[in-house]
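Working notes, structure below.
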Amino acid sequence: MQRETKLIYDKEELTGTDYFEFLPGKYHDQCWCDGSVFLDEETFTLLEPAFAMNIRHYDHYAFTEVSKDEWPGVLSALRELGDHLNIATQTNDLEGRLGMMFTTTESDFNQNFEINKNKLIDVADRLRVWIMEALAQNECVTILGM
């Protein structure tokens with residue numbers, strides 16, 4: 001993969017605008033907020049099925065406010081994805097669990113499959129922990145899409 005697969009905690013690390021932002025609380029007419037975490041679009045799309053299948057009003061291109069009661073399904077799906085990634089040997093083993101938005105995503109991921117799957121497991125785990133911590137102090141977490 002060309003990009004760096006990681007959860008970004010510091011908005012100063014962002015280059016360009018090709019990121020999904022996870023904002024603790026409600027959106028108040030401002031992006032790139034302190035306290036938010038970020039994923040580049042291609043990394044997020046790998047995880048996106050966990051969100052799309054569990055948030056009824058989710059939209060890749062919108063700002064989606066997700067209440068506390070909607071997050072357990074997403075958190076469970078992210079944990080399950082990590083479990084499946086652990087035993088997978090190629091992306092075909094993960095059909096329906098990984099989002100492949102771009103034409104090169106699958107081949108790029110397969111080129112260094114073990115490294116990429118371990119990075120993605122780490123991202124999913126870190127994002128789950130961050131969401132749980134954000135929900136301990138907020139009634140929702142807002143996903144700021146493209």
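Counting only residues that are aromatic (Phe, Trp, Tyr) and assigned to a helix (DSSP H, G or I), which one in segment 97-146 is surrounded by the fewest Cβ atoms within 10 Å (Cβ to Cβ)?
Per the criteria, the residue is 113.
Exactly one of these conditions fails for residue 94: (1) surrounded by 13 or more Cβ atoms within 10 Å (Cβ to Cβ); (2) within 15 Å of the chain's Cα centre (by Cα); (3) of a type outside the set (Val, Ile, Thr). Give me its number.
With (1) surrounded by 13 or more Cβ atoms within 10 Å (Cβ to Cβ); (2) within 15 Å of the chain's Cα centre (by Cα); (3) of a type outside the set (Val, Ile, Thr) applied to residue 94, the lone miss is (2).
Please verify whether segment 61-68 includes one or more residues that are under 13 Å from the mean Cα position of the chain (by Cα) and of a type in the set (A, V, I, L, M).
Checking segment 61-68: not a single residue is under 13 Å from the mean Cα position of the chain (by Cα) and of a type in the set (A, V, I, L, M).
Could you say which residue among 89, 103, 45 is without any contact (Cβ under 8 Å) to a residue 60 or more places away in the chain, under 23 Å from residue 15 (Cα atoms) and of a type in the set (Val, Ile, Thr)?
After applying the criteria, what remains is 103.
The numbers here are math on the coordinates, done by the rules we state, and not lab data. Note that the structure is predicted; figures quoted are calculated from it, not measured. Backbone-built Cβ (ideal geometry, glycine too); neighbour counts: all protein chains shown.
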